Amino acid sequence: MTTRTAPIQSRNPATEEVLATFEPFTNEQVDDALDGAEDAFRVWRERSFAERAVPMRRLGALLRERVDRYARLITLEMGKPIAEARAEIEKCASTCEFYAEHAAEFLRDEPAPSGAKRSYVAFEPLGIVLAVMPWNYPFWQVVRFAAPALMAGDAAVLKHASNVPQCALAIEEAVRDAGFPDGLFRTLLLAGAAVEPVIADDRVRAVTLTGSSATGARIAELAGRALKKCVLELGGSDPFIVLADADVEAAAAVATRARNQNAGQSCIAAKRFLVEDGVRADFERRFAAKVAALRVGDPLDPETQIGPLARADLRETLERQVAGSLAMGARLLTGGTRRGGTGYFYEPTVVADVTPEMPVFREETFGPVAAIASVGDADEAVAYANDSPYGLGGNLWTRDEERGQRLARRIETGQVFINGMTASDPRLPFGGVKRSGYGRELSHFGIREFVNIQTIWIGPAVSAQPRKAAGE
Ligand code: NAP
């Protein structure tokens, strides 16, 4: 079914050392995993929400118990500072608890009066969901889809990014140890396009991808051909608007975190800073000073704020984007170079005088590079914010919250945070528009993506039934 590819390597991006090598799954292994997930699904779908909540709560507890080991694995495989890796595990644990607690309420039968004796909507599981996931939040991205999907009664197979195979196996281990039915959640060790035939497999009922827009287009094409639903959480180039009446110091402090967490490798990192003329110089000075003071270094050191980029090619892309923008007239405020020695380190960077045709504005910058463009007023800020192929998240800073809300609704993104940093939260829907994808994760919206929204109609109530159109 799948094409066998080169071994999958786990490599420490801080030292460039190979940590482990895995053979990709054979066709037979993929087949067995799908058969096992299907068998487990038949058992699991019959369980009540209360019964499903037991292993889900246990999973949350296990993640907390194993935080040292799992956080270290994240840091070793993809370079995230250890303090952020620990926070990622904690967020996964609380999201397991959130869905254990709320799934029954989110998927409760919904009355739908229609003239029948009784009619209502039920939310039934679909079956196996295939998840193709990225490396940047290697535990969180998986838990974010898996906790609601498993609570809804689905099964899951995970094709994780090739650079985090140990995290992928650790997640499978945690789910197994939590007491879910054997085989309900499986990791498939496959690289890139080798997962494509799995999308068409009849046992797979739906697909979810978190990744780049290019991969999103490919997966949507394959899912479309197989007539399967997919959810796409793709790239972003989030605007961070600072209006003239904003608290500039607070905005600069949050901007520093919003751009540089996870070494800037976040889909919802603030990437384009659109600053009203009156406060531009003040914002540039404060922001650049804070960015220059960030501690770059060994990601295993709890004091480190910026680790390496996860892969060598990601650093090369950033270098091209920064060099191209400087050549077009951007002004370098800080950074702009790689750090010598081993590891894929890149200095946190701020460039100003950015215009919409420059690569740091047009393209997604997946690393610690902030692009500042000045805008004449709030209308121009909104126009610049929307002048992007992406539509994931956005930030807006103003002391006038009423005006902020009116402006936010004109920004074409899946979420806008006013006077705060964009972040995912299990209580809030998460997702994008335009080339940032479609569908939603988290909250009650997320758990309803991979269910059969089923109408149940109970008669007899013939007289109350709408008259059928001819030919129906
Ligand atoms: P990517 O290349 O699209 O990889 C994401 C996943 O897709 C990986 O598992 C990758 O496998 C797989 N893949 C690649 N080519 C494929 C193909 N032809 N068929 C099926 N699967 C394929 O993304 P990336 O550059 O590593 O990750 C960063 C991107 O993800 C950024 O654009 C970022 O903004 C986006 N992202 C979005 C969100 C969100 O919630 N919206 C969150 C995080 C990241 P291999 O690793 O084996 O190639």
Check: Would a scan of region 204-218 turn up a residue that is more than 9 Å from the ligand (Cβ to nearest atom) and over 21 Å from Ala33 (Cβ atoms)?
Finding: yes
Check: From the set of residues in region 323-341 that are assigned to a helix (DSSP H, G or I) and either touching a His at 6+ places or on another chain (Cβ under 8 Å) or under 23 Å from Glu276 (Cα atoms) (or both), which is nearest to the ligand (Cβ to nearest atom)?
Finding: Ser325
Next item on the list: Please give the number of the condition Val121 fails out of (1) buried (at least 20 other Cβ atoms within 10 Å of the Cβ); (2) touching a Ser or Thr at 6+ places or on another chain (Cβ under 7 Å).
Entry: (1)
Checklist line | Any chance Glu46 is farther than 30 Å from Glu316 by Cβ, not in a loop (DSSP other than H, G, I, E, B) and not basic (Lys, Arg) | finding: no
Check: Looking only at region 252-293, which residues are surrounded by fewer than 20 Cβ atoms within 10 Å (Cβ to Cβ) and outside any helix (DSSP H, G or I)?
Finding: Ala293
Next item on the list: Sort through Thr26, Thr15, Thr5 and tell me the only one that's out of contact with any strand residue (DSSP E or B) (no Cβ under 9 Å at 6 or more places or on another chain), within 21 Å of Val164 (Cα to Cα), β-branched (Val, Ile, Thr) and at pLDDT below 95.
Entry: Thr5
Next item on the list: Filter region 424-439 down to the residues that are more than 10 Å from the ligand (Cβ to nearest atom) and assigned to a loop (DSSP other than H, G, I, E, B), then identify the one that is surrounded by the fewest Cβ atoms within 10 Å (Cβ to Cβ).
Entry: Arg427
Check: Among the strands (runs of 3 or more DSSP E) confined wholly to region 342-422, which include 2 or more residues that are touching a residue at least 40 places away in the same chain (Cβ under 8 Å)?
Finding: 349-352, 369-375, 393-397
Margin query: Could you check region 440-457 and list, in sequence order, the residues that are loosely packed, with under 15 Cβ neighbours inside 10 Å and farther than 16 Å from Asp109 by Cα?
Written below: none
Notebook entry, point to check: When only residues in region 230-251 that are acidic (Asp, Glu) and either crowded, with 24+ Cβ neighbours inside 10 Å or modelled with pLDDT under 95 (or both) count, which is nearest to the ligand (Cβ to nearest atom)?
Noted result: Glu233
Margin query: Pull out all pairs, ordered by first then second residue, where Cβ-Cβ is under 7 Å, the residues are six or more apart or on different chains, the first lies in region 19-41 and is of a type in the set (Asp, Glu), and the second is assigned to a loop (DSSP other than H, G, I, E, B).
Written below: Glu23/Pro7; Asp31/Met1; Glu38/Arg203; Asp39/Gly183
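The values are calculated or read from the model by the stated rules, or taken from the named source; none is laboratory data. Just so it is clear, the structure is predicted and the values come from calculations on it, not from any experiment. Glycine gets a Cβ as well: all are built from the backbone with ideal geometry, and neighbour counts include every protein chain shown.
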